[in-house]
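Notes follow the structure.
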Amino acid sequence: MKKLFRISGEAGQSAVEFALVLPLLLVLLLGIIEFGWFLNAKITVTGAAREGARYYAIHKDSDTEVETVVATYLNHGIVTTSGTFTTLSETTVAGVKMAVVTVQGEVSGITGAFNGLMAAFFGGTVFENNKVLMSSTASMRIEYSLTLAIP
């Protein structure tokens with residue numbers, strides 16, 4: 001029978017390799033989770049801007065009603081509404097009136113270690129309290145209700 005020889009210096013080789021690779025794998029895993037977190041936040045802010053523009057284009061109510069719609073949409077996501085800022089405006093593009101809504105919301109990262117990188121990737125700004133300000137703008141054509149005047 002063949003005897004297996006083991007060099008004495010290789011006894012803990014796999015444990016050392018695992019100890020060297022584990023921090024890199026953890027950073028990669030946390031980066032993927034953090035990216036998904038911020039992607040979800042960006043989608044939520046974009047959806048809130050879209051809902052606000054849609055509500056304003058159909059109902060043409062006051063700014064507070066649109067802000068209520070936006071805040072309601074943001075409350076279902078991971079974006080905090082304490083830093084939410086909504087602006088409304090109307091513009092005319094090729095003779096068509098458009099409702100333009102811009103929404104900004106604060107997002108806290110899970111670890112906070114990747115906030116600067118995620119802010120640069122998603123076009124946000126990092127605050128002093130380590131939160132990222134995300135912004136999105138949506139525009140929709142203003143719908144008019146036709147009223148016929150009967151003579």
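A few notes on this one:
- Scanning region 60-101 for residues that are farther than 15 Å from A41 by Cα and among the polar types (S, T, N, Q) returns S62, T64, T68, T86, T87, S89, T91, T92.
- Any chance A48 is in contact (Cβ under 8 Å) with a residue 60 or more places away in the chain, in contact with a Leu (Cβ under 6 Å, 6 or more places away or on another chain) and of a type outside the set (V, I, T): yes
- Of all residues in region 116-147 being more than 19 Å from F85 (Cα to Cα) and within 12 Å of the chain's Cα centre (by Cα), the one that is surrounded by the fewest Cβ atoms within 10 Å (Cβ to Cβ): F121
- Residue ID - nearest to V132 (Cα to Cα), chosen from residues in region 77-110 that are touching a Gly at 6+ places or on another chain (Cβ under 9 Å) and not in a strand (DSSP E or B): V79
- Candidate set: region 72-115, residues that are small (G, A, S) and more than 30 Å from G31 (Cβ to Cβ); chosen: the one surrounded by the most Cβ atoms within 10 Å (Cβ to Cβ): A99
- Annotation: A119 fulfils all but one of (1) hydrophobic (A, V, I, L, M, F, W, C); (2) within 30 Å of I32 (Cβ to Cβ); (3) part of a strand (DSSP E or B); the unmet one is (3).
- The residues on offer are V96, V79, and the sole one that is modelled with pLDDT under 85 and out of contact with any helix residue (DSSP H, G or I) (no Cβ under 8 Å at 6 or more places or on another chain) is V96.
The values are calculated or read from the model by the stated rules, or taken from the named source; none is laboratory data. Keep in mind that what you see is a predicted model, and the values were worked out from it rather than measured. All Cβ positions, glycine included, derive from the backbone under ideal geometry; neighbour counts span all protein chains shown.
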